[in-house]
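Student: Okay, here's the structure, questions in a sec.
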Amino acid sequence: MEKVGDYDELVNLKATELRLGLPGTEETVSCGKSNKRALPDDDTEKEIESTGKTETASPPKAQIVGWPPVRSYRRNSIQTKKNESEGQGNYVKVSMDGAPYLRKIDLTVYKKYPELMKSLENMFKFSVGEYFEREGYKGSDFVPTYEDKDGDWMLVGDVPWEMFVSSCKRLRIMKGSEVKGLGCGV
Amino acid sequence: MTEEEEDSSAKMSEDVKRYLKLDTRSSAAATSEPPCSSSSSASALANNKSRNFKSFEPPCPDHVLENVLENVLQFLTSRCDRNAVSLVCRSWWRVEAQTRFEVFIGNCYSLSPLRLTHRFTRVRSLVLKGKPRFADFNLMPRNWGAQFAPWVAATAKAYPWLEKVHLKRMFVTDDDLALLAESFPGFKELTLVCCEGFGTSGIAVVANKCRQLKVLDLLESEVTDDEVDWLSCFPASETHLESLSFDCVESPINFKALEELVVRSPFLKKLRTNRFVSLEVLHRLMVRAPQLTSLGTGSFSPENVLQGEQEPDYAAAFRACKSISCLSGFRDLTPEYLPAISPVCANLTSLNFSYANISPDMLKPIIRNCHNIRVFWALDSICDEGLQAVAATCKELRELRVFPFDPREDSEGPISGVGLQAISEGCRKLESILYFCQRMTNGAVTAMSENCPQLTVFRLCIMGRHRPDHVTGKPMDVGFGAIVKNCKKLTRLAVSGLLTDEAFSYIGEYGKLIRTLSVAFAGNSDRALRYVLEGCPKLQKLEIRDSPFGDVGLRSGMHRYCNMRFVWLSSCVLSRGGCREVAHALPNVVVEVFGSDDDDDDDTVTGDYVETLYLYRSLDGPRKDAPKFVTIL
């Protein structure tokens, strides 16, 4: 587990500017050179203020593929009873530098970046540090990145959430030195 | 062979052929005669032979023996017994092969179709299984294999008298079904379980061409909607149908055609309709088929809500179906109508509520009349309270399955060890359980191990990964340990929750009859895998995911793999080198390695990492139809 303590403090102090990779600009982006949105997502702010800490409101856990082991036939049959129309799901691979295993997660389960980040942190037992518009992630060796449709490796959080979900092909949690190229201050 | 001997053996094979064509009734009559007469064919044989032989040599003892053996072996149906018989000597091997009418193939890649047709020449029934079970949970990329095509092609030529085909987890196309329908004029039973690749057009061909069809069962299969009215394709004359199950067909059907089909199917005993069949349609069907013993009720919801007398009397329809012992369906249940099934409750032996969101209050009035239930499937919406009601009444319960209404890891989970313990105390004859929950205790699991000594199948799925005993906070080792220790008949086990290597040491030590073991997110080290591979002598099927087992653990089973049906290890800590080592050491074992996508490329992060290992024994070497993303080491 890396640097969990610092992470908490930073979160509380920077309530207004806080984001864990909140949506960036509407413009298309490439590695860290874009303009990012200045305003925090209102919902996130409220959530954090009301809970005080980030740890209490547990986001949906990353749904591991095929777990719990219920056949898709059965899942779909029961699904039709629920009023929510849950789509096919958008599964992407997640790898972390140094970890010998891959995971797959369903991006459609999440509504915004903080939920996703929490899940990833839980899944791989690490901490991601804090996201800054210009400088990217600070306070941790680990940086979440993703490969988009064009094959470019981007920093998670640079683009609006919806754009991220639709363009993300796979996730990679990079470690330290490799990250410099993305324009993140480490 | 001399001319005389050729003559006599030709005559003998004719006798044999004649003899083998006897149906079971006449064979049963034959047994009442003294064995040496062998229904007079042997004595006829002896006469023929004495006429043909120049000298008075007695008939070759082998031939007589084979005749007698055929006589006897016809009545051996268990495949284990037959396998044993075939190992006695060549002569017995040959005779057994000629008299085996039902062939079971647990892994379609363990041999080639040619080997099947060469060895067994008189097959009437084929059971074939394809993909391993974890494929059901999206852990296997599509197009991995298990095609029925080569099998139907080979059997079409070799066994024109084939009557029965039962497939599980196979890829079956419409063309395959068409070939089947055309090649086997006496075809009687088709059962497709968890299959895919075909649609309603394939079903239509089978319905139309298989004039002797008795059983058409489509169970939990993916059937594409080709918009073909397959029910209208059955021949217009009286049918031989005894069982028709299409509850998994997700497309609307022609109700009138179904009704007419039911009317002209006097032998129909089992009918399982899909969710497009409303209560009104169901009523019409029931009225026309009061002889039904097994009914899949479709949606169990009215199409139109009529007032008062205009509404069909559903309870009366159930009352009229005096023979119903098995009920399922309820795909879109309207709760007010559930009491309509009350008239049949006392006779029910099997009740499947697992597609209906039934609360404890809905369940209790129904279940209190179900004294004879042996098989009960439900959703966890019945809560611990519902399980307690089941425990209070269903003293004959043998099999219980409780599925999650909300199958997510972090869902609420309305059932727990309380329900499990209640069941264990009330249903002492329990043999098989599948239980999904979020909270469990070692105490409840131990109680079940002590109260239900007849358990052969124990599958517990604590949905949250690595969850400990929610009361003590300890791992679930002790509970599962009690199960393997106390349930001496246990053949199938699925574990979950927080488990250390200790749990596996118990499994290895006590699980002497375990044939199938399923593990997920469990164990600490390779020792766990070693305990199992070195401990469980009857282990045939081992499926493991997301557990910290690596090459060392894999290596510890080298002495076993030739005697197992398969081993599956996914998202563990295996390396290519380790898997290759197994492949090289065991030439009779096929070692497949693949990822979970069919577009896997070389990933620098995971180059040597093996996402999924699937190994199985094979008589005919690696398969030729492996897709690109599968590497056979």
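The values are calculated or read from the model by the stated rules, or taken from the named source; none is laboratory data. Note that the coordinates shown come from a computational prediction; the quantities given were computed from them, not determined experimentally. Positions of Cβ are backbone-derived with ideal geometry, glycine not excepted, and every protein chain shown enters the neighbour counts.
Student: May I ask you to list the residues in region B:352-380 that are buried (at least 23 other Cβ atoms within 10 Å of the Cβ) and either polar (S, T, N, Q) or more than 16 Å from B:Ser328 (Cβ to Cβ) (or both)?
Tutor: Residue satisfying the conditions is B:Asp380 alone.
Student: Which residue out of B:Phe353, B:Phe376, B:Phe330 is more than 19 Å from B:Ile433 (Cα to Cα) and either basic (Lys, Arg) or modelled with pLDDT of 95 or more (or both)?
Tutor: Numbers: B:Phe353 fails: more than 19 Å from B:Ile433 (Cα to Cα); B:Phe376 fails: more than 19 Å from B:Ile433 (Cα to Cα).
The match here is B:Phe330.
Student: Taking the residues in region B:125-144 that are assigned to a loop (DSSP other than H, G, I, E, B) and away from every other protein chain (no Cβ under 13 Å) as candidates, determine which candidate is surrounded by the fewest Cβ atoms within 10 Å (Cβ to Cβ).
Tutor: The qualifying residue surrounded by the fewest Cβ atoms within 10 Å (Cβ to Cβ) is B:Asn143.
Student: Residues of region B:325-351 being buried (at least 22 other Cβ atoms within 10 Å of the Cβ) and in a loop (DSSP other than H, G, I, E, B), which ones?
Tutor: B:Gly329, B:Phe330, B:Arg331, B:Leu348
Student: Then there is this: So, in region B:490-544, how many residues would count as being touching a His at 6+ places or on another chain (Cβ under 9 Å) and of a type outside the set (Gly, Ala, Ser)?
Tutor: Total meeting the criteria: 5.
Student: Any idea which of (1) within 21 Å of B:Leu128 (Cβ to Cβ); (2) in contact with a Gly (Cβ under 8 Å, 6 or more places away or on another chain) is the one B:Asp225 doesn't satisfy?
Tutor: So B:Asp225 meets the others, but not (1).
Student: Restricting region A:94-148 to residues that are under 24 Å from A:Gly66 (Cα atoms) and of a type in the set (Phe, Trp, Tyr), which is farthest from the other protein chains (Cβ to nearest Cβ)?
Tutor: Filtering first and then ranking leaves A:Tyr113.
Student: Please state which of the following conditions B:Ile433 fails to meet, knowing it meets all the rest: (1) crowded, with 22+ Cβ neighbours inside 10 Å; (2) under 26 Å from A:Ser119 (Cβ atoms).
Tutor: Among (1) crowded, with 22+ Cβ neighbours inside 10 Å; (2) under 26 Å from A:Ser119 (Cβ atoms), B:Ile433 violates only (2).
Student: While we're looking at this one, here's another question. Could you tell me whether region B:447-465 includes any residue that is away from chain A (no Cβ under 14 Å), touching a strand residue (DSSP E or B) at 6+ places or on another chain (Cβ under 9 Å), of a type in the set (Val, Ile, Thr) and assigned to a helix (DSSP H, G or I)?
Tutor: Checked against the condition, which is being away from chain A (no Cβ under 14 Å), touching a strand residue (DSSP E or B) at 6+ places or on another chain (Cβ under 9 Å), of a type in the set (Val, Ile, Thr) and assigned to a helix (DSSP H, G or I), region B:447-465 yields no hits at all.
Student: In region B:492-517, how many residues are surrounded by fewer than 17 Cβ atoms within 10 Å (Cβ to Cβ) and of a type in the set (Val, Ile, Thr)? Lay out the reasoning, then the answer.
Tutor: Here is the first cut: in region B:492-517, the residues surrounded by fewer than 17 Cβ atoms within 10 Å (Cβ to Cβ) are B:509, B:512.
Now restrict to residues that are of a type in the set (Val, Ile, Thr): none.
Residues flagged as surrounded by fewer than 17 Cβ atoms within 10 Å (Cβ to Cβ) and of a type in the set (Val, Ile, Thr) within region B:492-517 amount to 0.
Student: Something else about it: Do you know which of the residues in region A:117-154 that are acidic (Asp, Glu) and crowded, with 17+ Cβ neighbours inside 10 Å is nearest to A:Arg170 (Cα to Cα)?
Tutor: Step one: of region A:117-154, the residues acidic (Asp, Glu) are A:121, A:130, A:133, A:135, A:141, A:147-148, A:150, A:152.
Of the ones still in play, those that are also crowded, with 17+ Cβ neighbours inside 10 Å are A:121, A:130, A:133, A:141, A:147-148.
On the way: A:Glu121: 16, A:Glu130: 21, A:Glu133: 22, A:Asp141: 20, A:Glu147: 5, A:Asp148: 7 Å.
Ranking the candidates gives A:Glu147 first.
Student: Could you give every pair whose Cβ atoms fall below 7 Å, whose first residue belongs to region B:204-227 and is within 14 Å of chain A (Cβ to nearest Cβ) and crowded, with 16+ Cβ neighbours inside 10 Å, and whose second residue is in a helix (DSSP H, G or I) and among the aromatic types (Phe, Trp, Tyr), counting only separations of at least 6 or pairs across chains?
Tutor: Pairs found: B:Glu220/A:Tyr73.
Student: Restricting to region B:352-410, count the residues that are outside any loop (DSSP other than H, G, I, E, B) and out of contact with any helix residue (DSSP H, G or I) (no Cβ under 8 Å at 6 or more places or on another chain). Talk me through it step by step, then tell me what you get.
Tutor: In the first step, residues of region B:352-410 are kept if they are outside any loop (DSSP other than H, G, I, E, B); the result is B:352, B:360-367, B:375-393, B:399-403.
So of that shortlist, the ones also out of contact with any helix residue (DSSP H, G or I) (no Cβ under 8 Å at 6 or more places or on another chain) come out as B:352, B:361, B:375, B:377, B:380-381, B:399, B:401.
Number of matching residues: 8.
Student: Sticking with this structure for a sec: Using the structure shown, decide if B:Ala503 is under 24 Å from the mean Cα position of the chain (by Cα), at pLDDT 95 or above and among the small types (Gly, Ala, Ser).
Tutor: When the stated conditions are applied, B:Ala503 does not pass them.
Student: Looking at region B:474-487, can you tell me whether even one residue there is surrounded by fewer than 21 Cβ atoms within 10 Å (Cβ to Cβ), basic (Lys, Arg) and either in a helix (DSSP H, G or I) or without any contact (Cβ under 8 Å) to a residue 24 or more places away in the chain (or both)?
Tutor: Yes, region B:474-487 contains at least one residue that is surrounded by fewer than 21 Cβ atoms within 10 Å (Cβ to Cβ), basic (Lys, Arg) and either in a helix (DSSP H, G or I) or without any contact (Cβ under 8 Å) to a residue 24 or more places away in the chain (or both).
Student: In the list B:Gly419, B:Gly386, B:Gly443, which residue meets the criterion of being buried (at least 23 other Cβ atoms within 10 Å of the Cβ), away from chain A (no Cβ under 14 Å) and under 17 Å from B:His470 (Cβ atoms)?
Tutor: After ruling out the rest, the residue left standing is B:Gly419.
Student: Can you pull out the residues in region B:545-587 that are in contact with a Cys (Cβ under 8 Å, 6 or more places away or on another chain) and under 12 Å from B:Leu615 (Cβ atoms)?
Tutor: Scanning region B:545-587 gives B:Leu554, B:Leu586.
Student: Take the residues of region B:267-292 that are in a loop (DSSP other than H, G, I, E, B) and within 14 Å of chain A (Cβ to nearest Cβ): which is surrounded by the fewest Cβ atoms within 10 Å (Cβ to Cβ)?
Tutor: The qualifying residue surrounded by the fewest Cβ atoms within 10 Å (Cβ to Cβ) is B:Phe276.
Student: Would a scan of region B:575-598 turn up a residue that is within 14 Å of another protein chain (Cβ to nearest Cβ), closer than 28 Å to B:Pro468 by Cβ and in contact with a helix residue (DSSP H, G or I) (Cβ under 9 Å, 6 or more places away or on another chain)?
Tutor: No, region B:575-598 contains no residue that is within 14 Å of another protein chain (Cβ to nearest Cβ), closer than 28 Å to B:Pro468 by Cβ and in contact with a helix residue (DSSP H, G or I) (Cβ under 9 Å, 6 or more places away or on another chain).
Student: Can you go through B:Gln147, B:Gln98 and tell me which one is buried (at least 16 other Cβ atoms within 10 Å of the Cβ) and over 23 Å from B:Cys194 (Cα atoms)? Break it down stepwise before answering.
Tutor: Details: B:Gln147 fails: over 23 Å from B:Cys194 (Cα atoms).
None of the others qualify; the one that does is B:Gln98.
Student: Which residues, counting only those in region B:61-80, are part of a helix (DSSP H, G or I), surrounded by 13 or more Cβ atoms within 10 Å (Cβ to Cβ) and either in contact (Cβ under 8 Å) with a residue 60 or more places away in the chain or not aliphatic (A, V, I, L, M) (or both)?
Tutor: Answer for region B:61-80, where residues must be part of a helix (DSSP H, G or I), surrounded by 13 or more Cβ atoms within 10 Å (Cβ to Cβ) and either in contact (Cβ under 8 Å) with a residue 60 or more places away in the chain or not aliphatic (A, V, I, L, M) (or both): B:His63, B:Glu66, B:Asn67, B:Glu70, B:Asn71, B:Arg79.
Student: Filtering region B:531-548 down to residues that are within 14 Å of another protein chain (Cβ to nearest Cβ) and in contact with a Gly (Cβ under 7 Å, 6 or more places away or on another chain), which residue is surrounded by the most Cβ atoms within 10 Å (Cβ to Cβ)? Lay out the reasoning, then the answer.
Tutor: Step one: of region B:531-548, the residues within 14 Å of another protein chain (Cβ to nearest Cβ) are B:543-548.
From the residues that got through so far, the ones that are in contact with a Gly (Cβ under 7 Å, 6 or more places away or on another chain) too are B:547-548.
On the way: B:Ser547: 23, B:Pro548: 18.
Among them, the one singled out is B:Ser547.
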